[in-house]
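Here's the structure we're looking at; comments come further down.
The values are calculated or read from the model by the stated rules, or taken from the named source; none is laboratory data. Please read all numbers here as calculations on a predicted model, not as lab measurements. Cβ atoms come from the backbone with ideal geometry, glycine included; neighbour counts cover every protein chain shown.
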Amino acid sequence: MLREKNEAISRLDKLRVSPRKLNLVAQAIRGKDVSSALKFLRFCPKRIATDVFKVLRSAVSNAEYNHGLDVDSLYVKEAFVGKSLTLKRFMPRAKGRGVRIQKRFSNINIVVAEKHNPVTSEVKDGSEG
């Protein structure tokens, strides 16, 4: 996956939670600053928030050590969830029936990017046009 120079990514596969539940946490951190997203995940009552916290922290570490980005100016650019494998199980029910139970797994990708600071461009040689 090709990314820009001011981005870093972290990925976690085969999380034992359904994609619908994981996407609720991912939606909550999209577009936020990294510090506020980490604070949110630290105190979020959802069980899966601890794993998302670790993935986000890994993305921040990748940005800092692999790409040399400033940690204070990072924000969560993307946080997307995908389906992974599904375990199919059967549960016995009344009158000899069986009901299929699906135990879903999911993947999460978190992309952090450095905020662009607009720099005013000045004409150095004085000629315009």
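Quick notes on this one:
- Evaluated against (1) closer than 20 Å to S61 by Cβ; (2) under 10 Å from the mean Cα position of the chain (by Cα), V34 falls short on exactly one condition, (2).
Residues checked against (1) modelled with pLDDT of 95 or more; (2) within 13 Å of R11 (Cα to Cα); (3) of a type in the set (S, T, N, Q):
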position: C44; (1), (2), (3): yes, no, no
position: T50; (1), (2), (3): yes, no, yes
position: R57; (1), (2), (3): yes, yes, no
position: V60; (1), (2), (3): yes, yes, no
position: D70; (1), (2), (3): no, no, no
position: V81; (1), (2), (3): yes, yes, no
position: L85; (1), (2), (3): yes, no, no
